[in-house]
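Here's the structure we're looking at; comments come further down.
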Amino acid sequence: MARENGSDMAREIDPAAQACLDEHLSAWPQLAHRIYRQLMHELHSREVVTVDEIYEQTLTACSLQADAAPEVSEVEATNRLIRDYAIRYLTREQIDEAVSMARKREEADALRSIVSLPSVSFRVLADRVRRFCSVDTTTRRIEPEEAIGIRVGLIRHLVSDQLEFIGVAKRFLTIRDMDVIIQHIIGPEHGMGRIGGKAAGMFLAYKILVGDPSADPEPQASRPAGVPATPVDPSPPREPLKVSIPESYFLRSDVIDEFLELNGLGEYQTQKYKSPEEIRSQYPLIRQEFRKGRFPPAIVERLRQMLLSLGTVPLIVRSSSLLEDRFGTAFSGKYASVFVPNQARGDLRQRVVSNQGRLEQRVRALLTAIAEVYASALGPDPLLYRRAHDLIDYQEDMGVLIQKVVGVQHGNYYLPAFAGVAFSRNEYRWSPRIRREDGLLRLVMGLGTRAIERVGNEYPRMVALGEPTLRPESQPQEIIRNAQRSVDCINLATNRFETISIDALLAEGMDFPMLDRIMSIRRDGALYQPPSAFLTEDPRNLTVTFDKLLRDTDFPATLREMLRRLEGAYRRPVDVEFAHDGTDLYVLQCRAQSEMAQASRTVVPADVPRDAVLFRASRYVRTGQIDDIEYVVYVPPEEYDALTTRERRVEVGRAIGSINHALHDRRFILVGPGRWGSNDLRLGVPVTYADINHARMLIEVARERDGYVPEVSFGTHFFQDLVEANILYLPLYPDDPATQWNNAFFDGRCEPIGSLLPDGESLGSVIRVLHVPAACGGRKLRVVMDGNTDTAIGYLV
């Protein structure tokens, strides 16, 4: 050790170290006790002198000085001794670091006291976080055990109170990350609310992918009870991935309470207890009332300053409710995401915030969009979804996520090069070469709305990430027929969200980002890769395939690795929405992937008499079984196709919703023309979650002579609805020789629709309600599906 004869020092005093320590003690007199304690730890850890030796020397010194200096306490003597050692054996830099650690621990203790309170104002919490983060960032981190409690408290106050989310987030969101969130939060200073599920999932995913692995204080934390093991390594990655998130602001969940009180709209909080018919009929009025609502002046001013900071880039205003993107209840597509000003598009109610024009116009458009998001919490889909998942009594508050739209300007249009949704587990495997754990990607050119919703008679590119060049289609003609022909974009000239043809987009110029990697050249019935980065072909000879992107770039590997890391961190399958502007990849959303209740191993019986079989299928089958089916609600494709007006098709969708409610306590399945829930009413019955949530199964029927087949809906919000409601799904192709279809049953005697819908007699030929026991001698329908053998059967028992 570095001392001789008790407290005698072996080294001379370092004047620089002495001046440094005196300066710190003068600047932080209230921290003197903590500074001395930290210096003692430094001396001990550097093996200059042990803690025990410090105390022994202090006792010796005190006994020797008892008569000469009785006023000197043991604490003062200890501090003097620590000081003497420090200014001899520690450098100025080491003293600086020790003092910074002392300050950091002081702020950590104060912050820990604040976050442990059951309620605290945002201003107090934000001030304490900023004070902690103002301490020198070059200093060592406080110990993980010290940080973890603070992280949990901050997450609980600002982000989410869901224990499963906190269990993941505390490993990756540091205290300084919370300061970043605080800097982008908008809400009353004396209130407190959270940023909501969608914002939380996006930010957490980003930190998992790019954060410092050493920030994880417990990388080997155990898997949550009941969650199956995954083959991925849950430890943090070594190298950050090259991903970004859009510049984002978070309107706290408590702002909606001020909005409701200011506008006298609190009475609508009881909508959740009303009947489905009342919820549906009153929702249009509620939307109008909310759109006319005023916001607190302080919130309006904060939003105005935000717009000044962001500039005139297009914005998206997204729901971020406290219930959204939770483990087990994703609320996929239930709330509004709004590109403003207002142009409705299907159930998403997407609108363009082109964010152009005078500032006050932009502010008004933004406020209208936020009000629209607030109103969406009282719509039939989210309320009936909450009721089905026993969440109806939860005090639902709505946060709002305001983001720059990822993209580039191309002529008058603004859109990303491509976007989509990726799943860490692939339940749609069209080849034995595809592995479930490799993941699945739905990829589209332009805004990702066409990847997550069921739109017109065209398809996203389905990519099995382990075999990215392996397509479901085998022939060029089939690829061309199913290829994307339209893009969703923002028209900056009209301030509208629009769907335009790809030909119209490329008429603005052929310099669209990554065009050669998105398109293939169509010539003589075949498809060819562009020979160079710049395309000179007539746009009419181009087809969206993404072949070059998937074959010649690391994009599939990046997505696969991203999903692997996120699943490892979440310790369960995940899905991720993303966009690419031609330069950077952006994460837009991440949540635990919805999974259907696991069916035990099923065996499709081989000895069923042919006359007892109602259908057999052998394409895109998932495992599941339903017994004792009493009703089949059947929409004959030819009858639906014969409807000539939009109004009649909408009427069919409403009638299905009414039948769904009437049969809520019966076991029934839905069967009808492919692409249910599509925004193109010609291609399928226009239904939402609230119209189908009591059904046990949905069978989408495709007659190949119709010129299309039903898109397998895996990955869309509609499919997430089926999964979370535990509704089995099966596409069925009656004209396929391998498919068996019992025309005699489906065209046979049915219940008068008036018995379920007094006003539905005019739809009697379009909606057939088949009571299985009445039609089949008391027998009921059983459906057995085996995803391992890709076979399914529905038969009478």
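Send over the semi-axes of the chain's equivalent ellipsoid, whole angstrom and largest first, taken as the square roots of 5 times the C-alpha gyration tensor eigenvalues.
Working: eigenvalues 692, 160, 157 Å².
Rounded to whole Å, the semi-axes are 59, 28, 28.
Considering the options Thr368, Asn355, Met398, tell which one lies farthest towards the positive end of the dipole of region 352-401, charges being +1 on Lys and Arg and -1 on Asp and Glu at the Cβ, about the Cα centre.
Asn355
Could you tell me the relative contact order of region 100-215? Use alpha-carbon pairs under 8 Å, at least six residues apart, and round to a whole percent. Before the final figure, lay out the partial values.
Working: 107 pairs, mean separation 35.6, N = 116.
Across region 100-215, relative contact order equals 31 percent.
Report, to the nearest 10°, how far helix 92-115 tilts away from the longest principal axis of the Cα atoms in the chain, using its own Cα long axis and a range of 0 to 90°.
The two axes meet at around 50 degrees.
When the helices in the chain are scored as -39500 (n - 2.57) per DSSP H run of 4 or longer and the sum is shared across all residues, what 222 nm value do you end up with, to the nearest 500 deg cm²/dmol? The partial results should precede the final answer.
Details: 27 runs with 287 residues, N = 797.
Rounded to the nearest 500, it is -11000 deg cm²/dmol.
For a protection proxy built on the mean count of beta-carbon atoms within 10 angstrom, sort 565-573, 426-434, 265-273 highest first, please.
Going by the mean number of other Cβ atoms within 10 Å, highest first, we get 565-573, 426-434, 265-273.
Considering only DSSP beta bridges where both residues belong to the chain, give the percentage that are antiparallel (nearest 5). Each step should come with its number before you reach the end.
On the way: 79 of 96 bridges.
Here the share of antiparallel DSSP bridges comes out near 80 percent.
Based on the alpha-carbon gyration tensor of region 100-215 and its eigenvalue square roots a ≥ b ≥ c, which shape applies: rounded if a/c is under 1.5, prolate if not and a/b is larger than b/c, or oblate? Present the calculation step by step, with values, prior to reporting the outcome.
Working: a/c = 1.57, a/b = 1.11, b/c = 1.41.
Note, shape of region 100-215 comes out oblate.
Treating the angle as unsigned and between 0 and 90°, give the value, to the nearest 10°, between the Cα long axis of helix 276-291 and the longest Cα principal axis of the chain.
So the helix axis and the longest Cα principal axis differ by about 60 degrees.
Straight-line reach only, C-alpha to C-alpha below 25 angstrom: list the lysines that Lys274 could link to, leaving out same-chain residues fewer than 8 apart.
Lys292, Lys334
Work out Dmax and Rg for region 14-162 from the C-alpha atoms and quote the Rg first, both in angstrom.
18.4, 62
Let me have the relative contact order for the chain, percent, based on Cα pairs under 8 Å that are six or more residues apart. Walk me through the numbers before you get to the answer.
On the way: 1542 pairs, mean separation 82.9, N = 797.
For the chain, the relative contact order is 10 percent.
Could you tell me how many degrees, from 0 to 90 and to the nearest 10, lie between the Cα long axis of helix 122-133 and the main elongation axis, the longest principal axis, of the Cα atoms of the chain?
Value to nearest ten degrees: 60.
Which Cα, out of Gly167, Thr60, Trp741, lies furthest along the positive dipole direction of the chain (beta carbon charges, K/R +1, D/E -1)?
With unit charges placed on the Cβ atoms, the residue in question is Trp741.
By a straight-distance test (C-alpha under 17 Å), which lysines pair with Lys207 as possible cross-link partners, with residues fewer than eight away in the same chain excluded?
Reachable lysines: Lys170, Lys198, Lys242.
Pick out, from Thr312, Gln288, Tyr634, the residue whose Cα sits farthest towards the positive end of the charge dipole of the chain, with +1 on the Cβ of Lys and Arg and -1 on the Cβ of Asp and Glu.
Tyr634
State the percent of C-alpha pairs, over all pairs in region 610-796, separated by a distance greater than 31 angstrom.
Roughly 7 percent, once rounded to a whole number.
For region 413-558, calculate the relative contact order in percent as a whole number, restricting contacts to Cα pairs under 8 Å that are 6 or more residues apart.
Worked out over region 413-558, it gives 20 percent.
We did not get these values from a lab; they are worked out from the coordinates using the rules stated. Just so it is clear, the structure is predicted and the values come from calculations on it, not from any experiment. Here Cβ is always computed from backbone atoms with ideal geometry, including for glycine, and neighbour counts include all displayed protein chains.
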